[in-house]
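Please read the structure below before turning to the comments.
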Amino acid sequence: MKTKVSRSIRLVLTLNARAVVVVSVAGKLRFRYSGSPSTPRESFRPNGITTDSQRNILTSDVINHCFHIIDQDRHLLSYIQVNTFIAITLITK
């Protein structure tokens with residue numbers, strides 16, 4: 001399990017459950033994300049997780065070789081397919 005804290009949400013990456021779980025900083029469940037509608041649930045394997053400056057949630061899917069970008073209300077904003085193994089690395093200045 002991996003976690004990332006934003007100002008208003010806490011992200012939990014559950015590797016065995018194959019989901020991104022989003023809770024409020026108070027610990028209340030906001031939603032679970034188990035992949036895009038076109039991704040079979042059993043094949044979604046989130047590996048890395050972070051947020052961008054607009055508080056969108058970015059996660060890499062190592063089985064399907066893609067990035068999922070969702071907003072704080074669970075709407076899929078973008079699904080980016082790549083041709084090789086991927087991971088998310090956060091670089092701060």
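The values are calculated or read from the model by the stated rules, or taken from the named source; none is laboratory data. This is a predicted model, so every value here is computed, not measured. A quick note on method: Cβ atoms are made from the backbone with ideal geometry, for glycine too, and the neighbour counts reach across all protein chains shown. SASA here: full protein model, heavy atoms, side chains in, ligands and nucleic acids out. Shrake-Rupley method; radii C 1.70, N 1.55, O 1.52, S 1.80 Å.
Against the condition without any contact (Cβ under 8 Å) to a residue 60 or more places away in the chain and under 12 Å from the mean Cα position of the chain (by Cα), how does Ser34 come out, does it pass?
Yes, satisfied.
How many residues are at pLDDT 70 or above and closer than 17 Å to Phe67 by Cβ if we restrict to the stretch 1-21?
Qualifying residue count, the stretch 1-21: 4.
For the stretch 35-84: of the residues being open to solvent by 100 Å² or more (accessible area, probe 1.4 Å) and under 17 Å from Arg18 (Cα atoms), which is modelled with the lowest pLDDT?
Arg41
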